[in-house]
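Throughout, read-outs are computed from the coordinates displayed, never taken from laboratory work. What you see is a predicted model; the values in this text were computed from it and never measured. Heads up, the Cβs are rebuilt from the backbone with ideal geometry, glycines too, and the neighbour counts pull from every protein chain shown.
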Amino acid sequence: MFEDKTLVCRECGAEFVFTASEQQFYADKGFQNEPGRCPACRAARRQANGQNRADRPMFDVVCDGCGRPTQVPFQPRGDRPVYCRECFEKQRASRY
């Protein structure tokens, strides 16, 4: 059904192979566009995006689940409970 395709990276201009298995993965996930960047440029982009998250301001709060001090990446408004990572995961797991 799928055959390997050679694509050109829109960032560095290098050719890369979009394998049949990658095409199957894209189809299974419902992606409609082929990748525009080679694997190296995709990895570099993900790395750069991850560094931007480190610049995000963190806010000190007390967890409403266990009472421990923690930090969250948003400013709490006070109308909803705020949990540490462990309590948040417990709350999320109990929902589903």
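Some values worked out for this structure:
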quantity: Label corresponding to Rg and Dmax of the Cα atoms in Å when calculated from the structure given, among [x] 12.8, 33; [y] 20.8, 56; [z] 15.2, 51; calculated: [y]
quantity: Computed helical MRE - 222 nm, the chain, DSSP H runs ≥ 4 contributing -39500 (n - 2.57), nearest 500; calculated: -12000 deg cm²/dmol
quantity: Trypsin sites (Lys or Arg not before Pro), loop per DSSP, at most 13 other Cβ atoms within 10 Å - longest free stretch of the chain; calculated: 11-76
quantity: Percent RCO, i.e. relative contact order, over segment 1-63, from Cα pairs under 8 Å lying at least 6 residues apart; calculated: 28 percent
quantity: Dipole-positive endmost among Pro39, Gln71, Ala20 within the chain (Cβ charges, Cα centre); calculated: Gln71
quantity: Value of relative contact order over segment 46-96, rounded to a whole percent, pairs C-alpha under 8 Å and six or more apart; calculated: 28 percent
quantity: Total formal charge among the other residues, if their Cβ is under 11 angstrom from that of Arg68, Lys/Arg +1 and Asp/Glu -1; calculated: -1
quantity: Sparse-neighbourhood loop sites, GluC sites (Glu not before Pro) in segment 6-96 - DSSP loop, at most 15 other Cβ within 10 angstrom; calculated: Glu11
